[in-house]
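The values are calculated or read from the model by the stated rules, or taken from the named source; none is laboratory data. As the structure is a computational prediction, the values presented were derived from the model and not from experiment. Neighbour counts are summed over all protein chains in view; Cβ atoms, including those assigned to glycine, are modelled from backbone coordinates with ideal geometry. Please note that ligands, DNA and RNA were not included when accessible areas were found on the heavy atoms of the full protein model with its side chains. Shrake-Rupley method; radii C 1.70, N 1.55, O 1.52, S 1.80 Å.
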Amino acid sequence: MKQRYIITLAAGLAMIGAGLFELQGAYSPQAMAQSALSDPFVGLTTDGKVVPGLFTLSETNISVTPVREAAQKFIASLDSGQRKKVSFPMDHDEWRNWSNRHSSSREGVSLKEMTPAQRDVSYDLLRTSLSAKGFKTARDIMRLNHHLGELVSDTEEYGEHLYYFIVFGDPAGDAPWGWQIEGHHLIINYVIVGGQIVMTPTFMGSEPVQAKSGKYAGARILEAEEAQALAFVRSLPPALRDIAVIGGKEGRSENLAELFRDNIVVPYEGLRADKLAPSHSEQLLKLIGLFVGNMKDGHAARKMADVRKHLNATYFSWKGPTDPDAVFYFRVHSPVIWIEFDHQGPIALRGSWGTPTRSHIHTVVRTPNGNDYGKDILRQHYEKHRDNPVHGHKTPPG
């Protein structure tokens, strides 16, 4: 029988955070990965069944040539051994084997292994693929990881360059391809099918979220996301806010869709957006846009058009207080996007492990209903080009 990760409110409290299991020794990361990857990909759903027809294979008229060229330059900058380590087939399960933990074993080539010139080319791949906001956030997460090393006097365990790149498929051809960056608090899965881009799952966070001293003093992330979410929930009429708030913050971690949770089942909870006044609908869209806006403008606009199309079926839920200095969790859940934001308990820094603070944040963005990693549009591409020798696949991969 296929395994499913079923999350309800009660079950979620029993599964809050893979880190809890790891630190208690109940379930190792290796066992979690083996269990999760042995199950065929389905995707995040509300009832175990994918809603069909949400995603279409289509032309975008948005050039992805700059990203292709940046990826080719990245590969060309590597030596033969590095090139072998960084190159994976497009349909490889390594896509799903990501972890936001600092101590995880990783594939690919790290920035630490690269020369300064190779790092510059790697950063250019990120810069070319992401929006200015997305690139700055990614780089600031790396800088804050260095800052964490400064704070705990361990820049081997935590550092700016402990981030690994993988390229899936061949960016020089016309077939689907993509890249992944993976490291502590930063994972981006970037899939290109024709002119379409899917950039999920994406994990962004940090401990701490701001550097007040050291080499990267001033670096800060997720300030706007935190502030706009709180402003939105506080602006709701009391009756609607009562619907949106589904509980208190319980323990150090609330996020449900982090590492190895590709197939979780999460029913809708909270406030359905069709109950919102137009002004509140626009506030919610603005909040969603902060996360989607890590993509380049054209691709972000296409994604936001999908979000708007399904806005009335979108739910907003909140855990925790709503006072100005609140520590909280929120979720946006629609047929086409999933966003989680969570204030976490400290791990590397001082403080009560079970008490969340604003100094440690995790965010997760996914595409529900089978299109994380671009899986659904990839399926459609393979079916469309079945037996096409130019694309090199006779049947859709399993």
To the nearest 0.05, how large is the calculated FRET efficiency for Arg358 and Ser105 if R₀ is 35 Å and r is the Cβ-Cβ distance?
0.70
Per its Cα gyration tensor (rounded if a/c is under 1.5, else prolate when a/b beats b/c, else oblate), the range 224-298 is best filed as oblate
Using only alpha carbon pairs under 8 Å that are at least six residues apart, calculate the relative contact order of the range 170-317 and give it in whole percent.
17 percent
Given a 1.4 Å probe and the protein chains all in place, what does the accessible area of Asp91 round to, in Å² to the nearest 10?
90 Å²
Starting from the Cα gyration tensor of the range 21-177, take the square roots of the eigenvalues, sort them a ≥ b ≥ c, and report rounded, prolate or oblate (rounded when a/c is under 1.5, otherwise prolate if a/b is larger than b/c, else oblate).
oblate
Per 0.36 nm of contour for each residue apart, how much would the distance between Glu223 and Ala31 grow if the chain were fully extended, relative to their Cα-Cα spacing?
65.6 nm
Residue separation times 0.36 nm, minus the C-alpha to C-alpha distance between Arg350 and Arg379: what's the value?
5.8 nm
Using a 1.4 Å probe and ignoring any ligands, DNA or RNA, find the accessible area of Ser103 and quote it in Å² to the nearest 10.
70 Å²
Quick one: if you stick a label point 7 Å off each Cα along the C-beta vector at Val51 and Glu250, how many nm between them?
2.6 nm
Sum -39500 (n - 2.57) across every DSSP H segment of at least 4 residues in the chain, then divide by the residue count to get the 222 nm mean residue ellipticity, nearest 500.
-10500 deg cm²/dmol
Taking a ≥ b ≥ c as the square roots of the Cα gyration tensor eigenvalues, with a/c under 1.5 meaning rounded and otherwise prolate when a/b beats b/c or oblate if not, the range 322-361 comes out oblate
Lys73/Ala239 FRET efficiency (R0 51 Å; Cβ-Cβ; nearest 0.05)
0.40
Could you check the spin-label model distance between Glu113 and Asp154? Points 7 Å from the Cα along Cα→Cβ, value in nm.
2.3 nm
Quick one: how many lysine pairs does the range 284-398 have with C-alpha atoms less than 17 Å apart and a gap of 8 or more or different chains? Give me the count, please.
6
Rounded to whole Hz and in sequence order, give me ³J(HN,Hα) for the range 313-326 from the Karplus expression 6.51 cos²θ - 1.76 cosθ + 1.60, θ = phi - 60°, writing x for Gly and Pro.
9, 9, 10, 10, 10, 9, 10, x, x, 10, 6, x, 10, 4
Most to least accessible of Glu254, Glu157 (protein chains only, probe 1.4 Å):
Glu157, Glu254
How high is the relative contact order of the range 195-263, given as a whole-number percent (alpha carbon pairs under 8 Å, six or more residues apart)?
17 percent
How high is the FRET efficiency between Glu59 and Lys84 when r is their beta carbon distance and R₀ equals 35 Å, given to the nearest 0.05?
0.55
Go through the range 180-188 residue by residue and turn each phi into a ³J(HN,Hα) via Karplus (6.51, -1.76, 1.60, θ = phi - 60°); whole Hz please, and just put x for glycine and proline.
9, 10, 9, x, 4, 6, 9, 9, 10
For the chain, what is the relative contact order in percent, using Cα pairs closer than 8 Å and at least 6 residues apart in sequence?
22 percent
Lysines near Lys85 by alpha-carbon distance under 22 Å, same-chain residues fewer than 8 away left out - which ones?
Lys73, Lys112
The chain - share of DSSP beta bridges that are antiparallel (%, nearest 5):
85 percent
